[in-house]
Amino acid sequence: KNKPVVIVTYAHRGGARASEHLKQVCLFIGMKPADTMPALVVTVDLKDESNRIVNPDVALEPSKESIEKATNEFLDIFKTLETPLQK
């Protein structure tokens, strides 16, 4: 309960509906999701014949700003916790 979380989706279209649904689940169980939910969109032309991303830096560049924003939100949520997280 009260654990911060960042929801990141990965799909050929982004997975916005899935991230919104998961956010509601997180809120229901008492987690603290970041508002920014990066959607990593990786198209076929960025993958090799084994379906692996050829150059992650190039593939993730369009999402870089939202990844950084979500990371900062996560850290802000973490800093506001009243009690330390327990294992």
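Structure above, values below:
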| read-out | value |
| --- | --- |
| Members of the stretch 26-36 found to be β-branched (Val, Ile, Thr) and surrounded by 13 or more Cβ atoms within 10 Å (Cβ to Cβ), listed by number | Thr36 |
| Long-range neighbours under 6 Å by Cβ, at least six apart or interchain, first residue within 23 Å of Ile7 (Cα to Cα) and in contact (Cβ under 8 Å) with a residue 24 or more places away in the chain within the stretch 34-58, second in a strand (DSSP E or B) and open to solvent by 100 Å² or more (accessible area, probe 1.4 Å) | Leu40/Tyr10 |
| Qualifying position, being in contact with a strand residue (DSSP E or B) (Cβ under 8 Å, 6 or more places away or on another chain) and either modelled with pLDDT under 95 or farther than 27 Å from Thr80 by Cβ (or both), among Ala34, Ala11 | Ala11 |
| All positions within the stretch 1-47 that are among the aliphatic types (A, V, I, L, M), more than 22 Å from Asp76 (Cβ to Cβ) and assigned to a helix (DSSP H, G or I) | Ala16, Ala18, Val44, Leu46 |
| Considering residues of the stretch 37-68 that are touching a strand residue (DSSP E or B) at 6+ places or on another chain (Cβ under 9 Å) and among the hydroxyl-bearing types (Ser, Thr, Tyr) only, the residue most open to solvent (accessible area, probe 1.4 Å) | Ser66 |
| The lone exception for Lys3 - which of (1) without any contact (Cβ under 8 Å) to a residue 40 or more places away in the chain; (2) open to solvent by 50 Å² or more (accessible area, probe 1.4 Å) it fails | (1) |
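The values are calculated or read from the model by the stated rules, or taken from the named source; none is laboratory data. No experiment lies behind these values; they were computed from the predicted model shown. Neighbour counts are summed over all protein chains in view; Cβ atoms, including those assigned to glycine, are modelled from backbone coordinates with ideal geometry. Accessible surface is based on the protein model in full, side chains and every heavy atom, while ligands, DNA and RNA are left aside. Shrake-Rupley method; radii C 1.70, N 1.55, O 1.52, S 1.80 Å.
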